[in-house]
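Everything below concerns the one structure shown next.
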């Protein structure tokens with residue numbers, strides 16, 4: 001390994017070594033820890049290869065955002081790791097780091113092929129080295145590298161660069177194996193994430209800018225890769241079907257759902273400007289750009305107009321570059337091409353923006369800066385010692401600053417709680433960020449043994465959840481979590497208010513339904529029949545066909561409140577909803593017996609015995625009821641038979 005490659009490896013390792021002790025965080029549960037296919041290890045790989053990425057987590061296809069998600073490669077690697085190492089975030093973080101270092105080395109190798117240093121610079125100040133270094137240190141990559149789930153981005157870029165490398169090799173040697181390897185790299189890149197499709201543009205443009213190979217050879221290699229992409233798309237469609245192109249209607253999956261078309265595209269260009277700002281000055285960083293962290297703006301916004309102007313110039317320079325072949329224009333073309341698929345223009349991405357979407361385009365930014373620092377700037381100023389020292393000082397300052405930000409940002413990704421509490425400060429107006437902070441604090445409180453600390457943590461969680469609901473009042477997740485938070489500190493009446501709020505938004509929301517019933521059960525266990533009655537009655541008003549709730553409500557009225565009339569009414573309703581139900585018949589029989597309606601009690605008990613001849617408790621109740629009406633012989637016979645079935649009934 002050359003000293004350049006060693007330097008790049010050490011740089012990447014040094015920057016991200018502090019992630020090796022991190023836990024799983026954010027979407028890692030979707031693709032790893034709570035994914036039923038990934039956690040099967042080798043045996044789950046076939047399912048990962050044939051289903052949408054969300055199926056293993058949700059148990060069914062979830063069209064959360066526009067289009068389907070077929071990205072099996074990274075999940076297959078997670079399944080292999082699970083099989084070999086078990087639940088081991090250290091190994092997953094290490095693999096991410098090593099793959100990132102390999103990406104830096106491959107990028108350097110490619111830049112040596114297309115942008116060899118034009119001046120007599122030391123190895124550490126050559127154009128390819130500076131491009132690779134600027135790329136590796138950029139803080140926008142922390143979301144990809146420090147978050148294990150980000151491996152889809154890593155593998156996709158690594159495969160895409162591999163396809164470019166082997167295409168250049170094929171053009172040089174015409175060896176079939178190089179074209180095969182190029183095709184394989186692109187296919188695997190697409191299997192990791194669809195962003196690799198942009199290299200159908202990047203590869204021939206790279207050949208056009210930096211080589212003198214014949215046009216027909218460039219077309220030939222591009223057609224082969226286009227065929228590979230078509231094969232991937234055909235396989236994807238055959239497995240998942242044609243994706244639904246309808247836009248999501250839930251705000252958290254489509255931030256433009258309530259916006260006009262004009263405001264939508266104005267806001268998109270507003271985010272374009274933010275991306276450029278973060279490329280140059282990556283602070284503050286956050287994983288959360290959901291509503292309402294980014295405001296909806298119109299075309300009168302000065303930053304929108306400035307962004308439109310800048311991107312218009314970039315598009316113009318890209319077109320101009322096909323004629324002039326200026327390397328800096330290539331960097332712009334690379335940026336725009338790889339940015340296009342995540343820009344919200346080609347298709348909706350489900351969010352305003354995300355820092356991980358800059359993982360591919362940052363190469364274009366690094367190319368532009370690498371060219372500027374090593375030779376481009378000297379077309380405008382003399383290349384003397386003083387100017388070189390100044391330029392190199394600016395470069396070092398940028399590298400050190402980016403490195404510091406990367407290392408410090410990595411610490412935020414240690415776990416869900418650290419990430420949520422850090423980024424809610426950076427995205428204070430995001431409904432989702434506030435919800436995530438509340439959820440993480442609830443999870444923390446559930447692990448706390450000290451009652452006072454637990455309560456204080458829950459109160460802190462409630463503050464974030466309350467803000468989330470103020471930002472987005474119909475956001476069902478924080479509504480549910482508010483109920484859970486109050487449940488944790490045993491403020492059950494408050495918890496019911498929020499659980500019912502969930503049902504007002506979504507009548508059959510299973511989490512709220514189960515939680516309300518559970519609060520009712522708590523009321524029964526804690527000797528609070530009024531809480532139980534309120535809970536079960538509330539639930540019945542939203543799910544009136546659930547016979548079990550009538551049984552529970554009747555039990556509370558009869559046993560806890562002594563209100564046999566209400567108990568009877570509810571047991572009858574339960575039997576009406578579930579004809580022949582054994583529990584309902586038994587409870588009806590008992591109430592009838594208590595009320596002295598012995599004939600009706602006998603009828604109910606007898607129906608049970610006909611269904612369950614060995615039901616000793618019902619047989620005992622039937623015997624007692626017969627004795628109550630003076631039919632002692634028959635009653636004693638049933639009692640005796642009940643004791644024979646269950647001797648413990650003998651008094």
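The values are calculated or read from the model by the stated rules, or taken from the named source; none is laboratory data. In this text the structure is predicted, and so the values were computed from the model without any measurement. Don't worry about glycine lacking a Cβ; one is built from the backbone with ideal geometry, like all the others, and counts go over all protein chains shown.
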Q: Scan region 400-411 and give yes if some residue there is out of contact with any strand residue (DSSP E or B) (no Cβ under 8 Å at 6 or more places or on another chain), surrounded by fewer than 17 Cβ atoms within 10 Å (Cβ to Cβ) and in contact (Cβ under 8 Å) with a residue 40 or more places away in the chain, otherwise no.
A: yes
Q.
Looking at (1) surrounded by fewer than 23 Cβ atoms within 10 Å (Cβ to Cβ); (2) modelled with pLDDT under 95, which one does residue 374 not meet, given that it meets all the others?
A. (1)
Q) Could you say which residue among 592, 626, 542, 547 is buried (at least 17 other Cβ atoms within 10 Å of the Cβ) and outside the structural domain of residue 481 (by TED's automatic domain parsing)? A) 626
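A quick yes/no check of all residues on (1) assigned by TED's automatic domain parsing to the domain that holds residue 547; (2) surrounded by fewer than 16 Cβ atoms within 10 Å (Cβ to Cβ); (3) more than 23 Å from residue 551 (Cβ to Cβ); (4) over 55 Å from the mean Cα position of the chain (by Cα):
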site	(1), (2), (3), (4)
568	yes, no, no, no
587	yes, no, no, no
616	no, no, no, no
636	no, yes, yes, yes
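Surrounded by fewer than 19 Cβ atoms within 10 Å (Cβ to Cβ), farther than 17 Å from residue 576 by Cβ, modelled with pLDDT under 95 and assigned by TED's automatic domain parsing to the domain that holds residue 579: is that true of residue 528 in this structure? Walk me through it before giving the result.
On the way: surrounded by fewer than 19 Cβ atoms within 10 Å (Cβ to Cβ): yes; farther than 17 Å from residue 576 by Cβ: yes; modelled with pLDDT under 95: no; assigned by TED's automatic domain parsing to the domain that holds residue 579: yes.
No.
Any residue at all in region 361-379 that's closer than 30 Å to residue 147 by Cα and not in a helix (DSSP H, G or I)?
Within region 361-379, the subset closer than 30 Å to residue 147 by Cα is 361-370.
Those still in the list that are not in a helix (DSSP H, G or I) too: 361.
Looking for residues that are closer than 30 Å to residue 147 by Cα and not in a helix (DSSP H, G or I), one finds at least one in region 361-379, hence yes.
If a residue counts only when it is closer than 19 Å to residue 542 by Cβ and either at pLDDT 95 or above or assigned by TED's automatic domain parsing to the domain that holds residue 536 (or both), which helices (runs of 4 or more DSSP H) contained entirely in region 424-514 have at least 1 such residues?
Numbers: elements: 431-446, 451-471, 476-488, 492-505.
Those helices (runs of 4 or more DSSP H) span 476-488, 492-505.
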Q: Can you work out which of the residues in region 266-305 that are free of Cβ contacts under 8 Å to residues at least 12 places away in the same chain and farther than 24 Å from residue 408 by Cα is surrounded by the most Cβ atoms within 10 Å (Cβ to Cβ)?
A: 305
Q) Hey, among 100, 70, 135, 58, which residue is without any contact (Cβ under 8 Å) to a residue 60 or more places away in the chain and closer than 30 Å to residue 346 by Cα? A) 58
Q. Failed condition for residue 414, given (1) in a loop (DSSP other than H, G, I, E, B); (2) assigned by TED's automatic domain parsing to the domain that holds residue 473; (3) modelled with pLDDT of 95 or more, with all others met?
A. (2)
Q: Determine whether region 318-330 contains at least one residue that is in contact (Cβ under 8 Å) with a residue 60 or more places away in the chain and closer than 25 Å to residue 430 by Cβ.
A: no
